[in-house]
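Working notes for the structure below.
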Amino acid sequence: MNSIEHFGKVISTDILIVGHGISGLSAAITAKEKNPALKVLAVDKACVGFGGKANKGGGHISYIPEGAEETYVEYHTRNLGDYLNNQDRLRRYAHSTVKTLDKWESWGVSFRARDDAFQAHPIIPWKMFVVDLDMLIPMAKHARQAGVEFMEKVAIVDLLTDGDQVCGAIGFDLVTAEILVFKAKAVVLANGNQNWRVMRMWSSSRGEGIATAWRAGARMRGAEFGSFVNMISVEHFQVSYGSENAMFNAKGEFMDDRADLDGNLKDTFGGADLGGTQSISMYKQVAAGNGPIFEDTEKNDYPSTPQGMNIVPEVGRAADNWFRPFAHKWWHLLWEKNKMGGYKTSSKMKEVAPGFIGEFGPVNVDDNWMTNIKGLFASGDICAGGIQIFGAVPAPPGRNRGSGLIAAVYHGIHAGPAAADYVTGLEKPGQIDPVQLQALQEDMLVPLYRSQGVTAAELTWKIQCIMTPVPNSALKREDRLKAALAETLALKAELPKLVASDGHSLSACIETKAMVLCAEMFFRASLERKETRGWHIREDFPSRDDSANPYWVDLENVGGEMAVSRTEVPLNHYVYQPG
Amino acid sequence: MNLIKIDSTLCTKCGMCFKSCWNDVFRVDKATRQPYAAYPEDCVECNYCEVSCPVGALTVIIDYAKPMASCYGNK
């Protein structure tokens, strides 16, 4: 048998961080802080400072002020987590947001208006301020100064294991297609969740890390909750901020059924606790012949309000203490382009639609962010569902605006040190098995050797057409779930036909495989949960089932088959019970 | 498909477009060091390349007619 050098360029590290978005950077920095003697290498398909999703949104940061933690825990458990959240973990999170901010700010990010944070929720005491969207650049600079090493344009495909422990990974260079073999004592998967490439701004989340973990034997939990939907303009595809308060059906009837969990939340900034139920209202209107749905742009004045200009700087100029140079430039450019080029008429009525995002992150980890595979950790959105801090919601927690960034940093500053501790205490590192390496290499590269077949783009479009419809992903029913699962499995049968011509298209093939796998997880887990709970909404089981203790739906890779099981939530151990 | 135009008379070949694109759309010509959009079909009009270009040499022209999967389905 060949040595591992035979298979490609070999890179050795103590900790391999997969993904240098916000959570990966946080994990890398804090792993190095915990044990500076360890080699920490962060790799990503993107270049340093531009990976992940954190820099492509609002840059909103919400936190829980000291003294208000328990109010938050109870509200979240009762209204968002719907009793599927691990209340102990949620309480630790609630008591950590201020400390997380302090740590994050020490890395040189440009917080704005932290001292002027406003009350972002009428019930839970969320406070909100902002960070400029080039935040990853100072974080990466700090990481480099701390000794973190980076590689760019690297796709990680599979994990190498020795028995029940991880010992490395295999991937390739996107530009040159060179094969890369990583020897690592611990691996932290921080390469995002699954959004099926539908909503374009968030399409960096393609679920390869989830698939990587799954193929290595990692368990999944909460896969039925990856169904986040936002409101988008049909004409320019971008999120239409504030449109949820100014929607009309084709008959001109005002759709004031915001369908939020609590009517008091209606005036909350941007729709805190954004509900998947709103997309269902839109779907029902359209199904009843009252579509399409429009936003009355004259009634949606949010972008031009003082708060709108501070938070979502599309027009005007933020107040000085809220002003963010990069965000201002970027948001204004998008606004001008979409307004000038996207809108086809001058009518004030603009069609809006549910824009499926997903935010599916079911990698199951323990209190130390470690999966059931020794030395394999996860951090950020990839495990935001699987860690069960937040319960019956897609990532980020409860879809409260501003909660995503801080949650990702929170993950990182715990997963990184946990990985460092693991490596420091590791007595016998695993050894790479050349037989396993060869098999994984052959499977990874096979699309390059096919002369004909289907492209990743063709199959990606098909999986998007399965995931995107509200009646498949947001309003579930057994017959539709079974049909969607059957369509997904038909696509799965086409995966062996994928064809690639270079590193870029090979990466797309890996991503497409992950999209199909994640769709299968989503539909199988959704079929198992025969009730409505949180963001899992069943038309055929419209109520929460409180007749027995709640349960988590777990998925396990058993010989290549997806086994579905339930784990009872230890509700008696927790403070808050239904009722 | 979006069109990504680079004005070669302005471009300083600094590589910021390549670096800022998280969708791996750009490549750099080995001989001339000139960046170009090798995979424009993967551009998602985030406009990070345009915003990041220090000399304003790059423009993303968004195709607003490209298809998106149906959000309501056929059922």
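The values are calculated or read from the model by the stated rules, or taken from the named source; none is laboratory data. Note that this is a predicted model, so its numbers are computed, not measured. Cβ atoms come from the backbone with ideal geometry, glycine included; neighbour counts cover every protein chain shown. Surface accessibility is based on the protein's heavy atoms, side chains included, excluding ligands, DNA and RNA. Shrake-Rupley method; radii C 1.70, N 1.55, O 1.52, S 1.80 Å.
Tell me, what is the per residue accessible area of chain B in Å², probe radius 1.4 Å? Working shown, then result.
Details: 3650 Å² over 75 residues.
On a per-residue basis, chain B sits at 49 Å².
Suppose the chain between A:GLN452 and A:HIS332 were pulled fully straight at 0.36 nm per residue; how much longer would it get relative to their current alpha carbon spacing?
Values: separation 120, 0.36 × 120 = 43.20 nm, distance 4.39 nm.
This chain segment gains 38.8 nm when fully extended.
Calculate the length of the line joining the C-alpha centroid of the stretch B:1-64 to that of the stretch A:112-140, in whole Å.
One Cα centre to the other: 31 Å.
Compute the accessible area per residue over the stretch A:428-496, keeping the other protein chains in place, probe 1.4 Å, unit Å². It would help to have the intermediate numbers written out before the result.
Values: 3180 Å² over 69 residues.
Using a 1.4 Å probe on heavy atoms only, each residue of the stretch A:428-496 averages 46 Å².
When averaged across all projection directions, what area in nm² does the alpha-carbon convex hull of chain A cover? Display every interim value, and only then the final one.
On the way: hull surface 101.4 nm².
Averaged projected hull area, Cα only: 25.3 nm².
What order do you get for A:318-326, A:234-242, A:374-382 when each peptide is scored by the mean count of other beta carbon atoms within 10 Å, highest first? Before the final figure, lay out the partial values.
Numbers: A:318-326: 15.9, A:234-242: 21.4, A:374-382: 30.8.
Descending packing order for the listed peptides: A:374-382, A:234-242, A:318-326.
Could you calculate the contour length gain from A:ASN2 to A:ARG114, that is, 0.36 nm times the residue separation minus the distance between their Cα atoms, to one decimal place in nm?
Values: separation 112, 0.36 × 112 = 40.32 nm, distance 5.67 nm.
In short, 34.7 nm is gained.
Counting alpha carbon pairs within less than 8 Å and at least 6 residues apart, what relative contact order, in whole percent, applies to chain A?
Value for chain A: 22 percent.
I'd like the FRET efficiency for A:THR71 and A:ALA146, computed as 1/(1 + (r/R0)^6) with the beta carbon distance as r and R0 of 30 Å, rounded to 0.05. Each step should come with its number before you reach the end.
Values: r = 36 Å, r/R0 = 1.20.
That pair, A:THR71 with A:ALA146, gives E of 0.25.
Give the carbon-plus-sulfur fraction of the accessible surface of chain B in %, rounded to a whole number; probe 1.4 Å, heavy atoms of protein chains only.
Working: 2090 of 3650 Å².
Reported share for carbon and sulfur atoms: 57 percent.
Mind grabbing the accessible area of B:THR12 for me, 1.4 Å probe, Å², rounded to tens?
That residue has around 80 Å² of solvent-accessible surface.
How much accessible area per residue does the stretch A:72-129 have, in Å², with a 1.4 Å probe?
On the way: 2030 Å² over 58 residues.
Ligands and nucleic acids excluded, the result is 35 Å² per residue.
In the stretch B:1-43, which residues become less accessible by 40 Å² or more once every protein chain is in place, relative to the chain on its own, using a 1.4 Å probe?
With the partner chains in place, the stretch B:1-43 has these residues losing at least 40 Å²: B:PHE18, B:LYS19, B:TRP22, B:ASP24, B:ARG27, B:TYR39, B:ASP42.
Grab the beta carbon distance between A:ASP540 and B:THR12, set R0 = 51 Å, and tell me the FRET efficiency rounded to 0.05.
Working: r = 60 Å, r/R0 = 1.19.
For R0 = 51 Å, the calculated efficiency reads 0.25.
Putting +1 on Lys and Arg Cβ atoms and -1 on Asp and Glu Cβ atoms, find which of A:GLY453, A:PRO550, A:PRO396 reaches farthest to the positive end of the dipole of chain A.
A:GLY453
Please compute the contact order of chain B in relative form: average sequence separation of alpha-carbon pairs under 8 Å and at least six residues apart, divided by the residue count, as a percent.
Values: 105 pairs, mean separation 30.6, N = 75.
RCO, chain B: 41 percent.
Ignoring any ligand, DNA or RNA, what whole percent of the accessible area of chain A comes from carbon and sulfur when the probe is 1.4 angstrom?
Working: 9890 of 19610 Å².
So the carbon and sulfur contribution to the accessible surface is 50 percent.
Could you run the numbers on buried accessible area between A and B, total for both chains, 1.4 angstrom probe, in Å² to the nearest 100?
Numbers: alone 21430 and 5590 Å², together 23260 Å².
When A and B are taken together, about 3800 Å² of accessible area is lost.
Nearest 5 is fine: what % of DSSP beta bridges in the protein assembly as shown come out antiparallel, could you say? Intermediate values should be presented prior to the final figure.
Values: 57 of 79 bridges.
Percent antiparallel among DSSP bridges in the protein assembly as shown is about 70.
Report which residues of the stretch A:44-76 become buried by 30 Å² or more of accessible surface when going from the isolated chain to the complete set of protein chains (1.4 Å probe; DNA, RNA and ligands ignored).
In the stretch A:44-76, residues shielded by partner chains: A:CYS47, A:PHE50, A:LYS56.
Give me the distance in nm between label points sitting 7 Å out from Cα along the Cα-to-Cβ direction at A:VAL10 and A:HIS573, one decimal.
Here the answer is 4.2 nm between the modelled labels.
Note down the net charge around A:ALA184, summing +1 for each Lys or Arg and -1 for each Asp or Glu among other residues with Cβ under 11 Å from its Cβ. Mind showing how you got there, number by number?
Values: positive: A:LYS39, A:LYS183, A:LYS185; negative: A:ASP14.
It works out to a net charge of +2.
Need one number: nm distance between label points at A:GLU33 and A:ASP479, each 7 Å from Cα along Cα→Cβ, rounded to one decimal.
In this crude spin-label approximation the distance works out to 5.6 nm.
Given a Förster distance of 25 Å, report the FRET efficiency between A:ARG92 and A:GLU427 from their Cβ-Cβ distance, rounded to the nearest 0.05. List each step's numbers first, then the result.
On the way: r = 29 Å, r/R0 = 1.16.
That pair, A:ARG92 with A:GLU427, gives E of 0.30.
Among rounded, prolate and oblate, which fits the stretch A:274-425 when a ≥ b ≥ c are the square roots of the eigenvalues of its C-alpha gyration tensor, a/c under 1.5 means rounded, and a/b larger than b/c means prolate? Each step should come with its number before you reach the end.
Numbers: a/c = 3.21, a/b = 1.66, b/c = 1.93.
The shape class here is oblate.
If I require 20 Å or longer along the helix axis, counting alpha carbons, and a Kyte-Doolittle average no lower than 1.0, what helices from chain A are left? Use full DSSP H segments. Numbers along the way, then the final one.
Numbers: long enough: A:403-424 (32 Å, 0.69); A:434-449 (21 Å, 0.33); A:478-494 (24 Å, -0.16); A:503-528 (38 Å, 0.62).
Qualifying helices: none.
Which listed residue (A:VAL40, A:THR424, A:ASN193) has the Cα farthest towards the positive end of the charge dipole for the protein assembly as shown, taking +1 on Lys and Arg C-beta and -1 on Asp and Glu C-beta about the Cα centre?
After comparing all options, I get A:VAL40.
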